[in-house]
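Note sheet for the following structure.
The values are calculated or read from the model by the stated rules, or taken from the named source; none is laboratory data. Predicted model, so just to flag it, every value in this text is computed and none were measured. Cβ placement follows ideal geometry from the backbone for every residue including glycine, while neighbour counts extend to all protein chains displayed.
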Amino acid sequence: MESPKPSAPPARRSGAVTLTAALLAALVICCLLSAGLGAYRIPLGDVVASFQHRIGLGGHALDRVGESVLWNVRLPRVVLALLVGASLGCAGALMQGVFGNPLAEPGVIGISAGAAVGAVASIALGLSFFGNWTITVCAFVAGLLTVLLVYALSRSGGRTEVVTLILTGIAVNAFAGALIGLFIFFADNAQITQITFWQLGSLAQATWPKVLAVLPCAVLGLVLAPSYARKLDLLALGERPARHLGVDVERLRIVLVLVVALLTAAAVAVAGIISFVGLLVPHLLRMANGPGHRFLVPGSALGGALVLVAGDLAARTVADPAELPLGVLTALFGSPFFFWLLRRTRRKQGGWA
């Protein structure tokens with residue numbers, strides 16, 4: 001039997017279009033500001049003129065220092081922030097849809113930490129069997145194993161329990177932290193510096209080769225994710241109704257778990273552990289425009305990109321000339337939001353017991 005195609009009310013569709021346009025506009029503005037602001041300031045007009053010059057639409061080239069700062073330092077960082085933020089935001093929306101609750105997020109339930117263990121292990125052990133892809137592959141495998149473990153342990157009676165999900169995430173994060181500490185104990189000074197980068201989360205080492213390394217994983221995950229939006233909407237009705245409407249629930253979950261692991265590994269492999277983006281962004285968009293995944297999945301990618309570009313700009317400029325770790329900054333703002341969300345969910349369900 002062919003499953004019906006639920007259509008959103010006109011008002012909600014209009015709201016989704018307006019919200020998407022607002023996110024895109026804010027993202028463009030943040031990208032331009034991030035490209036121009038910093039220790040070496042480049043006026044916004046010069047940033048636009050340099051873009052126009054590069055693509056042959058007039059404009060003018062900057063001086064030698066300005067061109068080098070803009071195209072070799074700032075823009076790789078902006079593009080990497082876009083990819084990492086979009087990956088984390090989209091992964092959060094998929095996790096919440098797969099697990100059926102708003103508290104699921106790759107960082108909160110330990111997937112980011114698990115992927116970081118894979119990346120840290122490849123650094124500490126000096127692995128290089130996949131060349132420049134070694135760290136990404138190790139992060140992907142470790143992230144995949146982590147998400148499968150969390151999914152298996154949080155299932156009870158055919159459904160995912162919120163409390164078990166969070167407690168499993170706490171345990172996985174603690175175990176991952178212990179493994180990272182063990183690798184630090186046996187690592188040399190150069191490896192310790194790299195491992196510290198993974199723990200704090202940062203885009204300070206952004207380069208065009210790193211952008212190219214993460215681009216295939218991020219793009220593949222971001223292209224695949226929206227195609228499952230309708231099935232996620234049906235899954236939100238419950239597993240049994242979804243099955244009656246033609247959704248292979250277990251296959252859907254396995255595929256989306258792989259997509260989440262791919263997106264998370266891509267982000268962690270180049271930026272380290274950056275928590276709460278995948279929790280905060282989808283939930284805010286759900287509050288603004290409802291739970292429909294046709295907007296929520298791509299909208300979360302846009303929102304995640306916006307949050308990370310803005311967060312990286314703040315990390316570079318708030319304590320200038322020093323730079324705050326991006327992962328610390330997102331956790332600083334994301335933790336109170338998570339606490340509020342946890343209490344709100346508990347109150348709506350009348351307690352966990």
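If we scan region 321-344, do we find a residue that is buried (at least 21 other Cβ atoms within 10 Å of the Cβ), in a helix (DSSP H, G or I), in the same structural domain as Glu105 (by TED's automatic domain parsing) and polar (S, T, N, Q)?
Yes, there is a match, as at least one residue in region 321-344 is buried (at least 21 other Cβ atoms within 10 Å of the Cβ), in a helix (DSSP H, G or I), in the same structural domain as Glu105 (by TED's automatic domain parsing) and polar (S, T, N, Q).
Would you please list the contacts, defined by Cβ atoms under 7 Å and residues six or more apart or on different chains, that run from a residue in region 255-272 that is more than 16 Å from Ile123 (Cα to Cα) and in contact (Cβ under 8 Å) with a residue 24 or more places away in the chain to a residue that is in a helix (DSSP H, G or I) and of a type in the set (Phe, Trp, Tyr)?
Cβ pairs passing all conditions: Leu256/Tyr228; Val257/Tyr151; Ala261/Phe140; Leu262/Phe140.
Does region 47-91 hold any residues that are in a helix (DSSP H, G or I), of a type in the set (D, E, K, R) and surrounded by fewer than 20 Cβ atoms within 10 Å (Cβ to Cβ), and which are they?
Here is the first cut: in region 47-91, the residues in a helix (DSSP H, G or I) are 47-54, 64-91.
Now restrict to residues that are of a type in the set (D, E, K, R): 54, 64, 67, 74, 77.
Matches in region 47-91: Arg54, Arg64, Glu67.
Hey, among Leu279, Leu263, which residue is closer than 25 Å to Leu167 by Cβ, touching a Cys at 6+ places or on another chain (Cβ under 7 Å) and surrounded by 14 or more Cβ atoms within 10 Å (Cβ to Cβ)?
None of the other options fit; the residue is Leu263.
Return the residue satisfying two criteria in turn: it lies in region 99-119 and is in a loop (DSSP other than H, G, I, E, B), touching a helix residue (DSSP H, G or I) at 6+ places or on another chain (Cβ under 6 Å) and not hydrophobic (A, V, I, L, M, F, W, C), and of such residues it is farthest from Gly290 (Cα to Cα).
Across region 99-119, the extreme among qualifying residues is Gly110.
Given the criterion at pLDDT 85 or above and in contact with a Gly (Cβ under 7 Å, 6 or more places away or on another chain), identify the matching residue among Val47, Val69. Steps first, please.
Working: Val69 fails: in contact with a Gly (Cβ under 7 Å, 6 or more places away or on another chain).
The conditions single out Val47.
In region 178-191, what count of residues is obtained for those that are exposed (fewer than 15 other Cβ atoms within 10 Å of the Cβ) and in a helix (DSSP H, G or I)? Reasoning before the result, please.
Within region 178-191, the subset exposed (fewer than 15 other Cβ atoms within 10 Å of the Cβ) is 178, 181-182, 185-186, 188-190.
Filter once more, keeping what is in a helix (DSSP H, G or I): 178, 181-182, 185-186, 189-190.
Final tally of qualifying residues: 7.
Within the group Leu23, Leu27, Leu19, which residue is at pLDDT 90 or above, closer than 30 Å to Pro321 by Cβ and not in a loop (DSSP other than H, G, I, E, B)? Spell out how you get there, then give the answer.
Details: Leu23 fails: closer than 30 Å to Pro321 by Cβ; Leu19 fails: closer than 30 Å to Pro321 by Cβ.
The match here is Leu27.
Restricting to region 114-139, and then to whatever is under 18 Å from the mean Cα position of the chain (by Cα) and among the β-branched types (Val, Ile, Thr), can you tell me which residue is surrounded by the most Cβ atoms within 10 Å (Cβ to Cβ)?
Among residues in region 114-139 that are under 18 Å from the mean Cα position of the chain (by Cα) and among the β-branched types (Val, Ile, Thr), the one surrounded by the most Cβ atoms within 10 Å (Cβ to Cβ) is Val117.
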